[in-house]
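> The following block contains the structure, expressed as C-alpha cells.
The values are calculated or read from the model by the stated rules, or taken from the named source; none is laboratory data. Bear in mind that the values here come from a model prediction, so they are computed numbers and not experimental data. Here the Cβ positions follow ideal geometry from the backbone for every residue, glycine too, while neighbour counts run over all protein chains shown.
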C-alpha cells in the first residue's frame, strides 16, 4: 500500500522536495487568486479575515510542524485569518481515528486516509458537495470533470474529503522509490547495470568483501529494512514492485478483468521473499530489520553504514539529510529499477491518474464550515500553491527574466539542513492539506507550480550524485526507469485510495490478513533456507482459513463499482 510519512514531507513527505500545483481562478469569482500576481500579493476575496482557530488532526506525522509560526504559516494565517491547533498521529493512526469516531470528539479538520469510512459511519464528517459549489471556486475549478472521482462510492455519492494525496495531471520527474545504493558502492563497482535483485546483491556483496567495516571499525550493513509498525507495508510493497505490479495497496488487480488478489498469494512474490531469505542467509540483510524501531533505522542510515535500501526516500530522508549535513555525500543514495528478473518492469512511474480517495475532511461539529472550506480553498489557489511550494518572493525566491528561481543561499540551506530550514520557512509543510496539480504544470506566469522539474532537480544534486548520474550517462534517476508511456492507465486509479465501510468484509477480513502476514513474512525471511517453503505453505493455508477468498471477492466488487462510478461523468 502507499504509505507516506505517507508527514515528514511528506512527510516524508516532508523529507522530500514537495510537489504540488494548482491553477487559480479570477478574483471576480471570489477566488483568492489574482492572476499574474506573485505569491505574497492579494488576499482572500469574499472571505472573513477575522481570526479563528481550527482544530486539526492528521494521520500523517509532521516532525517539522511549528504551529504556523514558520514564515509560510504566518502568511497563510494573514491571508485567511485561520490558525490551526494541530495534532499529528503518534503510533498507530488507525487507533486514533477509531477513537475519534467512537468518542464523538471531532476536530474541525480531519486528514484520514483509508479510515475515512469509520468517520462516515459515525456521522463525523460533512458532505462537502454544497460547500465546494458555493464557497470553493479554486477547488471546484481545479477538480473540474474529475469531481466525480471525489465521490465516496457508487451507493453514497457524497464528497467527504478534499483529495490531498493525488495530484491532477501530474508528470512526475522526481524519483523517490525503487531500490537504493550508496554512490560510493556503485562507483567502486564501475557503475554496472543495476536491473535485477542479483545485480543489486552482487555490488553490495563485492563492496562488503573489500570494506567489511567503516572508518570507525563498525560493521557495514548490506541491506536494512524498516518494518516498524505500519512501515511494514514498505517492506511488503517490494513484493509486487519487483514483480511488475503497480501500487494498489494490498491487492494485485488484473488489468483486464479487474479481479483483486491479495498480492502475497501470487507465486511470483514468493520468490521475492525467498530472495530476502537468501540475503539474510548470506549475511547481507540487517538481522535487526524486523525488530528495530524507525529511529534506530534512521540512525543507521545516518551513520553511513547502510549500503542499500528498498525504501521510499521520504522514509529514510532524515537519515540521508544527516549524511548531507556531515558532508558525507558519497554515502547518500541513488535510485535503481530493481526487479526479480528482466521479465518484469519497475512500476514506479505507472500512472494512476487522479484519485479522489482520501484527503482532508470537515467534521460535522465544526462551528464554521464555511471558514474551513475557504481556508482549504485558499491553499488550492494559485497564490496559495506558489506560497507553499516556493515560499515568499524576495525572501526565498526571485524572478529572473520572468523565471522563478530559488535564491542560491536558500537552496544551500535546503540541501544542507532541510529539516531545520523547513521548520523555519514552512516551505512544503502544508502539502498534505491541499488539493493540487502535480509536477510539470505551469501557473499563469508560465512558471512551474512545483520545484520538481528537470532544471530545478539538477540544481539540487550534490557532486557525488552528479558523478553517479554521469557514470550511468543519464541526467536524472527517472531515465533509468520505465516511463509512464509504457503503461496503460488504470481504470480505477490507485486501489489503495478507496475508503470502505467499517463493517465491509474486505475491511474486517483485511485486518485478519494483515495480522497473519505481519507474523509470517518475518518468519519466512529470517528462517533457514530449508525451512522457507514450509513456512510459506503454512502462511498460504492461514490466509485461506481466515477467508482470503471472500475478502478478495468483496474488494473486487468495490473496484468494479468504482469504475462504474467514475464512468458516470
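> Residues to consider are 305, 265, 274; find the one that is in the same structural domain as residue 511 (by TED's automatic domain parsing), in contact with a helix residue (DSSP H, G or I) (Cβ under 8 Å, 6 or more places away or on another chain) and over 22 Å from residue 509 (Cα atoms).
Going through 305, 265, 274 in turn, the sole match is 274.
> Considering only the stretch 168-188, I want to know if a residue exists there that is under 18 Å from residue 333 (Cβ atoms), in a helix (DSSP H, G or I), touching a helix residue (DSSP H, G or I) at 6+ places or on another chain (Cβ under 8 Å) and at pLDDT below 95.
no
> Right, here's the next one. Testing residue 522 on (1) surrounded by fewer than 16 Cβ atoms within 10 Å (Cβ to Cβ); (2) modelled with pLDDT of 95 or more, one condition comes back false. Which one is that?
Tallying (1) surrounded by fewer than 16 Cβ atoms within 10 Å (Cβ to Cβ); (2) modelled with pLDDT of 95 or more, residue 522 fails exactly one: (1).
> Turning to a different aspect of this structure: When residue 159 is evaluated against the numbered criteria (1) out of contact with any strand residue (DSSP E or B) (no Cβ under 9 Å at 6 or more places or on another chain); (2) closer than 23 Å to residue 449 by Cβ; (3) surrounded by 15 or more Cβ atoms within 10 Å (Cβ to Cβ), which criterion, by number, is the only one it fails?
(2)
> Is it true that some residue in the stretch 128-146 is touching a strand residue (DSSP E or B) at 6+ places or on another chain (Cβ under 7 Å), part of a loop (DSSP other than H, G, I, E, B) and surrounded by 22 or more Cβ atoms within 10 Å (Cβ to Cβ)?
Yes, the stretch 128-146 contains a residue that is touching a strand residue (DSSP E or B) at 6+ places or on another chain (Cβ under 7 Å), part of a loop (DSSP other than H, G, I, E, B) and surrounded by 22 or more Cβ atoms within 10 Å (Cβ to Cβ).
> How many of the residues in the stretch 473-500 are over 12 Å from residue 346 (Cβ atoms) and surrounded by 19 or more Cβ atoms within 10 Å (Cβ to Cβ)?
The qualifying residues number 10.
> Name the pairs: first residue in the stretch 274-288 and over 18 Å from residue 264 (Cα atoms), second residue in a loop (DSSP other than H, G, I, E, B) and modelled with pLDDT of 95 or more, Cβ to Cβ under 8 Å, at least 6 apart or on different chains?
280/287; 281/528; 285/224; 285/225; 286/224; 286/225; 286/292; 288/224
> Then there is this: Could you check, for the stretch 551-560, whether at least one of its residues is touching a helix residue (DSSP H, G or I) at 6+ places or on another chain (Cβ under 9 Å) and under 27 Å from residue 276 (Cα atoms)?
yes
> Follow-up question, since we're still on this one. If residue 450 meets every condition in (1) farther than 26 Å from residue 245 by Cα; (2) modelled with pLDDT under 95; (3) in a loop (DSSP other than H, G, I, E, B); (4) out of contact with any strand residue (DSSP E or B) (no Cβ under 7 Å at 6 or more places or on another chain) apart from one, which number is that one?
Just one mismatch for residue 450, condition (4).
> Just name the residue that is farthest from residue 435 (Cα to Cα) out of those in the stretch 154-165 that are in contact with a helix residue (DSSP H, G or I) (Cβ under 7 Å, 6 or more places away or on another chain) and in a loop (DSSP other than H, G, I, E, B).
As a first pass, look at the stretch 154-165 and keep what is in contact with a helix residue (DSSP H, G or I) (Cβ under 7 Å, 6 or more places away or on another chain): 154, 158-165.
From the residues that got through so far, the ones that are in a loop (DSSP other than H, G, I, E, B) too are 154, 158-161, 164-165.
Details: 154: 22, 158: 17, 159: 14, 160: 14, 161: 10, 164: 5, 165: 8 Å.
Ranking the qualifying residues of the stretch 154-165, first place goes to 154.
> Which ones in the stretch 59-70 are closer than 26 Å to residue 142 by Cα and either assigned to a helix (DSSP H, G or I) or modelled with pLDDT of 95 or more (or both)?
68
> Right, next: Take the stretch 413-431 and flag every residue that is within 18 Å of residue 174 (Cα to Cα) and either over 14 Å from the mean Cα position of the chain (by Cα) or assigned to a helix (DSSP H, G or I) (or both).
Scanning the stretch 413-431 gives 414, 415, 418, 427, 431.
> Scan the stretch 79-107 for residues that are modelled with pLDDT under 95 and either in a helix (DSSP H, G or I) or more than 25 Å from the chain's Cα centre (by Cα) (or both) and report the count.
Residues in the stretch 79-107 being modelled with pLDDT under 95 and either in a helix (DSSP H, G or I) or more than 25 Å from the chain's Cα centre (by Cα) (or both): 13 in total.
> Which one of these does residue 527 not meet: (1) within 27 Å of residue 142 (Cα to Cα); (2) outside the structural domain of residue 157 (by TED's automatic domain parsing); (3) surrounded by 15 or more Cβ atoms within 10 Å (Cβ to Cβ)?
Of everything listed in (1) within 27 Å of residue 142 (Cα to Cα); (2) outside the structural domain of residue 157 (by TED's automatic domain parsing); (3) surrounded by 15 or more Cβ atoms within 10 Å (Cβ to Cβ), residue 527 misses just condition (1).
> Would you confirm whether any residue within the stretch 34-47 is surrounded by fewer than 20 Cβ atoms within 10 Å (Cβ to Cβ), modelled with pLDDT of 50 or more and within 26 Å of the chain's Cα centre (by Cα)?
Scanning the stretch 34-47 turns up no residue that is surrounded by fewer than 20 Cβ atoms within 10 Å (Cβ to Cβ), modelled with pLDDT of 50 or more and within 26 Å of the chain's Cα centre (by Cα).
> Please pick out the residue among 117, 104 that is out of contact with any helix residue (DSSP H, G or I) (no Cβ under 6 Å at 6 or more places or on another chain), buried (at least 21 other Cβ atoms within 10 Å of the Cβ) and farther than 26 Å from residue 421 by Cβ.
On the way: 104 fails: buried (at least 21 other Cβ atoms within 10 Å of the Cβ).
When all the criteria are applied, what remains is 117.
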